[in-house]
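The structure under discussion appears below in the form of structure tokens.
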Amino acid sequence: MDNTKTETKQEAWTDPIPKNTTLYPDSLKKKAIPAHIVKPRKHSSTSTLFIDSSISKPKNAELIHCMADYFHQNIHPLDNATPEFRKEYEIFDESKHPLTSKYADVSTVPSTEAIEKFVRGIFKIGQLAPETLIMATAYYDRVVANTNPKFMLLPFNWRRFILECLILASKVWEDQAVWNIDFLDLFPLANSHDLGDLEKRILTLLKFDVSLKASTYAKIYFEVRAKDPLTGEHFMELQPLTKEGEERLELHSSKFESDAKKRMHKTSGSVDDLAHTKLLQSDVELRN
């Protein structure tokens, strides 16, 4: 009887995104999301965009891809950065405030795939709603329109800027609390104080205007779609906000603006501090 074992040769799986676009240390790739940031499944009050926040949903993946392509087309070469610009917007400079590695590429314009992978990681760990992708893009356009010297995305600042725009958009959109600390596991060299300073800076550049009219939301939505004509007919499943979604966005953004202005005028803390204070006050009231 032949006891020779038959070996089955299996074809190795290869990552569709090249290894040289990896943004995170190898030790973080398979790291489980800590228990303290696992959130319950979210449900939107709208009936169009948000069914669930799974990254496996084609419409979410396509929207992330379109957003990444939009930002890729708006990132300028490194030589566009003047000394005055770097000084004015130093807080976004990843060469001085690294997120994942002190050796991250801060001199080359990233590919669409690299930006897409970066956004996908934030989207997944934060369980973001698709609406926040459009909101973050709108915040970028608004910052560019508001600033002098005009803000530009560059190889050394795109990650920190996009990260904070997504966190801010999520805080405005969601009913439940969204904490800066939720994202630290993805960015080991950042800390809550750093992200709080980023939030304050972007709020200042936005002049605390985080509201979006339905017409502005729709304009950004279709601009993002138009930037990538290869997304195909499946992208047509995504629609601008419903009336209910418009009301939700207006209500949440107005409340966020009011709370943020009060907090910034009183102390140097971030909006996270205000939210935490409110939770503590509610807990005391319940105990009494």
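Points worth noting:
- Pairs spanning more than 28 Å between alpha-carbon atoms, out of 59/171; 96/227; 59/150; 124/150: 96/227; 59/150; 124/150.
- Fully extended contour minus Cα-Cα distance, from residue 219 to residue 95, at 0.36 nm per residue: 41.3 nm
- Of the trypsin sites (Lys or Arg not before Pro) found in the range 135-206, the ones in coil according to DSSP and having at most 14 other Cβ atoms within 10 Å of their Cβ are 150.
- Relative to the current alpha-carbon distance between residue 78 and residue 226, full extension at 0.36 nm per residue lengthens the span by 50.7 nm.
The numbers here are math on the coordinates, done by the rules we state, and not lab data. Given the structure is predicted, the values throughout are model-derived calculations rather than measurements. Note: ideal-geometry Cβ built from the backbone for every residue, glycine included; neighbour counts use all protein chains shown.
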